[in-house]
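Following: one structure in structure tokens, then a few remarks.
The values are calculated or read from the model by the stated rules, or taken from the named source; none is laboratory data. None of the values given here were measured: they were computed from a predicted structure. Neighbour counts run over all protein chains shown; Cβ positions are idealised from the backbone, glycine included. When the accessible area is computed, the model is the full protein with side chains, heavy atoms only, and any ligands, DNA or RNA have been set aside. Shrake-Rupley method; radii C 1.70, N 1.55, O 1.52, S 1.80 Å.
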Amino acid sequence: MTTNKNYIIINGNKLSFEQGETILNVARKNSIEIPTLCKLKGASPTGTCRICVVEAKGAKELITACSTPAENGMDIMTESSNVVSSRKETLNILLASGNHNCAISGAKDWTRFQLKVCKEEDNNEELCPSWGECKLQDLCFRYQATGGQYQQDRTKYPAELANPFIIRDFSRCILCGRCVQACNEIQVNEAINFGYKGADTKIVAADDKPLKDSACVFCGECVQACPVGALVEKEARYTARPWKTEKVKTTCTYCGVGCQIFLHIRDNKIIKVTGNAEAAPNYGSLCVKGRFGFDFVNSSERLVSPLIRKEGELKEATWAEALNLIGNKLSKIKADYGGDSIGVLTSARITNEENYIANKFTRAVLNTNNIDHCARL
Ligand code: SF4
Ligand code: SF4
Ligand code: SF4
Ligand code: FES
């Protein structure tokens, strides 16, 4: 509650706001939930999906909370019967806009259908790969939207499978535009945009070329932004439903930026990687290596023990053997030729702490300042 000059009322609560703040911002700041679909954090609101509509007392039309600035004295209801029926109708239209078979075919008995799907094989390709992690599905469940009287539309655009990382399934695209904003406003790669017009509208790369022949750098920001099953990681598709995977928070090992990531793990294997949207420095964004380059972890070619060259051949050794050998050789070189005869190169692939230890070891133990870092090579 406040006596501030700038205030609005949301669901009976009198709330202050700063000039320019949207109704959605004011609501979220005060823990009032308004559902959204097209609104992408960090990007400008587009007002495309109309899921966030709210009722303003005295206004003729419902307004979109994500793109309407709060105005002094506004009296807003976020779940009035008008709002609820509008959201339900919008969801029905979205469901009918493509191949959203999960909600349509489960319409008569959601609970039974959900239980059935939980028991399904993960690789049942009749089911949408995004089942269980789809914002549209969640909203349909919340508002009990099942497609209404609309006929389901079939897209004429076939799915694009032509690159190793991302599957674009246009039949499930709801044209929310989040991928376009993720690519253009968040990553500033400008690889995709809306193309064609009216019923033919499609998200396209330049000249409607496949992503692999476009300016796309496969950062996967669009995949993470897509609220439905229209953009999915190729390797992860049908490998495990979200309730069968464990999410482990960690730091990307590829460079010194230290992006925060989640590993999605099943049976001790990484299924996919997503950016941690809540943590600095990356706030969910990743590059192609961080998002898609994780296969080395479970690679059968990965070195898991040290190798020592004996009679011209590399032979497996224990860590104790390897460390003793290195220690003895470095000691001898230092004794024979002095510390400055040795140079140390550290790596962006190791942690800050490990680089610090290498620095200490070089200067204090080897007695040389000959230390540098691979980032300067
Ligand atoms: S995209 Fe979402 S709503 Fe559509 S079929 Fe897949 S899970 Fe269901
Ligand atoms: S993967 Fe990255 S560059 Fe490619 S379309 Fe998606 S956001 Fe744009
Ligand atoms: S591909 Fe996904 S994010 Fe992009 S417009 Fe379609 S539904 Fe929205
Ligand atoms: S979230 Fe506001 S219009 Fe889509």
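Computed values, structure above
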item	result
Any hit, the range 271-278, residues being at pLDDT below 95, exposed (fewer than 11 other Cβ atoms within 10 Å of the Cβ) and closer than 23 Å to Glu221 by Cα	no
Filter pass, Phe262 being aromatic (Phe, Trp, Tyr), at pLDDT 95 or above and closer than 19 Å to Ile174 by Cα	no
Any hit, the range 18-26, residues being open to solvent by 10 Å² or more (accessible area, probe 1.4 Å), within 16 Å of ligand 3 (Cβ to nearest atom) and of a type in the set (D, E, K, R)	no
Residue under evaluation Asn367, criteria (1) on the phi > 0 side of the Ramachandran plot; (2) in contact with a Lys or Arg (Cβ under 9 Å, 6 or more places away or on another chain); (3) free of Cβ contacts under 8 Å to residues at least 24 places away in the same chain; (4) not basic (Lys, Arg), criterion not met	(3)
Residues (open to solvent by 50 Å² or more (accessible area, probe 1.4 Å) and closer than 22 Å to Lys212 by Cβ) located in the range 128-158	Thr155, Lys156, Pro158
Pair list, Cβ under 8 Å, 6 or more apart: the range 168-184 residue closer than 13 Å to Pro158 by Cβ, other residue assigned to a helix (DSSP H, G or I) and more than 13 Å from ligand 1 (Cβ to nearest atom)	Arg168/Leu211
Residues of the range 215-245 that turn out to be part of a loop (DSSP other than H, G, I, E, B) and either among the hydrophobic types (A, V, I, L, M, F, W, C) or at positive phi (or both), as a count	12
The range 334-349, residues that are of a type outside the set (Ser, Thr, Tyr) and not in a loop (DSSP other than H, G, I, E, B)	Lys334, Ala335, Asp336, Gly339, Asp340, Val344, Leu345
Selection status of Gly42, in contact with a helix residue (DSSP H, G or I) (Cβ under 7 Å, 6 or more places away or on another chain), part of a loop (DSSP other than H, G, I, E, B), open to solvent by 30 Å² or more (accessible area, probe 1.4 Å) and not basic (Lys, Arg)	yes
Selection count where residues are assigned to a loop (DSSP other than H, G, I, E, B), within 7 Å of ligand 4 (Cβ to nearest atom), at negative phi and open to solvent by 10 Å² or more (accessible area, probe 1.4 Å), scope the range 47-71	3
